[in-house]
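The values are calculated or read from the model by the stated rules, or taken from the named source; none is laboratory data. Keep in mind that this is a model prediction, so the values were computed, not measured. Using ideal geometry, Cβ is built from the backbone for each residue, glycine included, and neighbour counts are taken over all protein chains shown. Protein only, heavy atoms only, side chains kept; ligands, DNA and RNA dropped before computing areas. Shrake-Rupley method; radii C 1.70, N 1.55, O 1.52, S 1.80 Å.
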Amino acid sequence: MKIAVSGIGYVGLANACLLSKNNEVCLFDISQKRIDDINNYTSPIKDEYIEKYLNTKPSSLHAANDRSEAFKDADFIIIATPTNYDDEKNYFDTSSVEENIAYISKNFSSAVAVIKSTIPVGFTARMRSEYPNLKILFSPEFLREGKALYDNLYPSRIIVGDTSVEAKKFAELLKQGAEKKDIEVLFMQSTEAEAVKLFSNTYLALRVAYFNELDTYAELRGLDTASIIKGVSLDPRIGDFYNNPSFGYGGYCLPKDTKQLRANYKDVPENLITAIVESNDTRKAHITDMILEKKPSCVGVYRLTMKEGSDNFRASAIQSIMMGLRAHGVKVLVYEPTLSTNDFNGYEVCKSLDVFKSSCDVIVTNRMSDELKDVTSKVYTRDLFRKD
């Protein structure tokens, strides 16, 4: 098979690596740097398994800056472009996905278009009605930042929002590239598959928000959060996982997907979905207040990234906290080694860890690091279990 992938992000690159084990894969992106990185077998994102795979210099994987070249003769064209949430429209901005579908329909209608981007419920059905000459599938992704290829090699499940021969063929391609055996594969209608993605991520956000609110209660009442969480989590119905308090959920998916699901609930009774979205804002405000109680003159932010093993800090909770601190006139100094600039959104970036630690009277970090062991008296974190 020849497979094309539009979008060199976590989803696009992880799928490209997986599928290029048994097929010829060509990636396309609007970023020339990302294209050059792929052709030089360098990962443009931090992901251990992707980096290891590219180090093998797979001849079946390459990238092109010409979309027509990338898509030419492709059996499947995967669309993995970003769909950010538009707060003004209260909906995903799906323009990049729609533009790709229009282009494929006009120029490569014999190919099967596979949407991997996160989209609103009902989007695929609308695209099919607008482009009846094109076969369009939706297949949701369930990937973690920094573990994207691993989660494709050992998937929890494969879901394709279609029941056609093409859908089964695409699912088989994913299975062929995986290392895990006996993978659960589900075929369903596209609207149900779209709902699976949004409800899955919103449940994960709910779990984060729940343990964060537990931690807020314990912190303000002077209780031992860790003891409570351990006691709660030993119940097998709840489980001892995904329960480490944080500054709030962030990243590529959870903030935007929870808001999109809430928007999809228009005219449908609900309380919980809205509460999940609002709980995250409440948590970030609480963290800001707890830092301000220490009456700091300079707060150091140790890493903008929210997760160990990731270089992404899009929508990270710490950024909202930084804004809150600045609004109260507190100086904020950032230590983020992945940044090459001396400024981040108007905040000073310190290149030296030693200078950073000596310049701040309070250091906040979402996840504790051994690099801060010598200044633990300055550190404010809610990381209790040293895990994500």
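Worth a mention:
- For the peptides 161-168, 373-380, the ranking by mean Cβ contacts within 10 Å, running from highest to lowest, is 161-168, 373-380.
- Beta-bridge orientation, the stretch 281-388: approximately 15 percent antiparallel, per DSSP, counting only bridges with both partners inside.
- Virtual spin-label span in nm between residue 219 and residue 355, 7 Å along Cα→Cβ: 3.0
- Highest average packing first - 350-362, 13-25, 218-230, Cβ atoms within 10 Å: 13-25, 350-362, 218-230
- Sulfur and carbon atoms: percent of accessible area, the chain [1.4 Å]: 50
- Ranked from largest, the principal axis spans of the Cα set of the stretch 32-125 equal 42, 33, 20 Å.
- Using alpha-carbon coordinates, inclination of helix 190-221 to the longest axis of the chain, degrees: 10
- Solvent exposure of the stretch 53-100 as accessible area per residue, Å², 1.4 Å probe: 52
- Principal-axis tilt of helix 272-292 within the chain, Cα atoms, nearest 10 degrees: 40
- Solvent exposure of the stretch 158-307 amounts to 49 Å² per residue of accessible area, where only protein heavy atoms count and the probe is 1.4 Å.
- Highest-first arrangement of 55-65, 71-81, 244-254, where packing means the average Cβ count within 10 Å: 244-254, 71-81, 55-65
- For the chain, the share of alpha carbon pairs falling in successive 20 Å distance bins from zero is 26, 54, 20, 0 percent.
- Summarising the strand pairing of the chain, around 10 percent of its internal DSSP beta bridges are antiparallel.
- Here residue 72 is the anchor, and the lysines within straight C-alpha reach of less than 24 Å, apart from those fewer than 8 places off in the same chain, are 2, 21, 33, 57, 106, 116, 135, 168, 169.
- On Cα atoms only, tilt of 165-177 relative to the major axis of the chain in degrees: 50
- For the stretch 65-125, applying the loop criterion from DSSP together with a ceiling of 12 other beta carbons within 10 Å to the GluC sites (Glu not before Pro) yields 88.
- Its residue count N fixes a reference of 2.2 N^0.38 Å for the stretch 185-297, and the Cα radius of gyration divided by that reference is 1.24.
- If the chain linking residue 39 and residue 55 were pulled fully straight, counting 0.36 nm for each residue of separation and taking away their Cα-Cα distance, it would gain 4.6 nm.
- For the chain, relative contact order (Cα pairs under 8 Å, six or more residues apart, normalised by length) works out to 13 percent.
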